[in-house]
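Please treat every number below as a calculation from the coordinates, not as lab data. In this text the structure is predicted, and so the values were computed from the model without any measurement. Note: ideal-geometry Cβ built from the backbone for every residue, glycine included; neighbour counts use all protein chains shown.
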Amino acid sequence: MRTKTLLASGAIAIALAAALAGCSSAPTASTKPAAATSSVKLTGTFAGLNGKKAAGNVTITGNTIKLTGFSSDQGPDLHLYLANGTSESEATAGVEIAAVAWDKSSQTFTIPSGVDASKYKDLVEHCDKALAVFGAAPLSK
């Protein structure tokens, strides 16, 4: 009798293992991480504002902002902001990204965690010390 019980238990274990082996760990369309499928790509071209010079291109992919061919008038405290408009108040109401170098053509920045760049219309170059917008790049998909 004991042999039959062990054989039955072994058969159950084998059947359970076979059933579980059918569960693949490979992601399916419904189990892929959202970040892998929802990378936003935005682009724009800088133009100077308020009598200041700014030029260059911006590409935003996922949480990375890349500036290429960037140049600007020199400022004492230049920062980038994701904003919905280019006025002083709209820029500072946006999300500050980081300090930007006026004389460095290629620069890369990381968007803060939880910030969705697709919710913003502009990448604004702002002088925090002088409270002045130097330039902006309207963003488009």
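Descriptive notes on the structure:
- Ordering of 98-109, 55-66, 123-134, 76-87 by packing [mean C-beta count within 10 Å, highest first]: 123-134, 76-87, 55-66, 98-109
- Given charges at Cβ of Lys, Arg, Asp, Glu: the range 69-141 dipole, positive-most of ALA132, GLY94, GLY75: GLY94
- Extension gain (nm, one decimal) between LYS119 and VAL95, 0.36 nm per residue minus Cα-Cα: 7.6 nm
- Note on SER105 and ASP77: the model spin-label points, each 7 Å out from Cα along the C-beta direction, lie 3.1 nm apart.
- Within the range 105-127: backbone nitrogen closer than 14 Å to the THR68 label point (7 Å, Cα to C-beta): 105-108
- Taking N as the residue count of the range 39-138, its C-alpha radius of gyration divided by 2.2 N^0.38 Å amounts to 0.94.
- Note on the range 39-138: with charges restricted to the Cβ of Lys and Arg (+1) and Asp and Glu (-1), its dipole about the Cα centre is near 300 debye.
- Label-to-label distance for ASP128 and THR61 is 2.9 nm, based on points extended 7 Å past Cα in the beta-carbon direction.
- Neighbours of LYS104 by Cβ distance under 13 Å: Lys/Arg scored +1, Asp/Glu scored -1, total -1.
- Given LYS52/LYS121; LYS53/LYS141; LYS52/LYS129; LYS41/LYS129; LYS104/LYS141, the pairs whose alpha carbons are separated by over 23 Å: LYS53/LYS141; LYS41/LYS129; LYS104/LYS141
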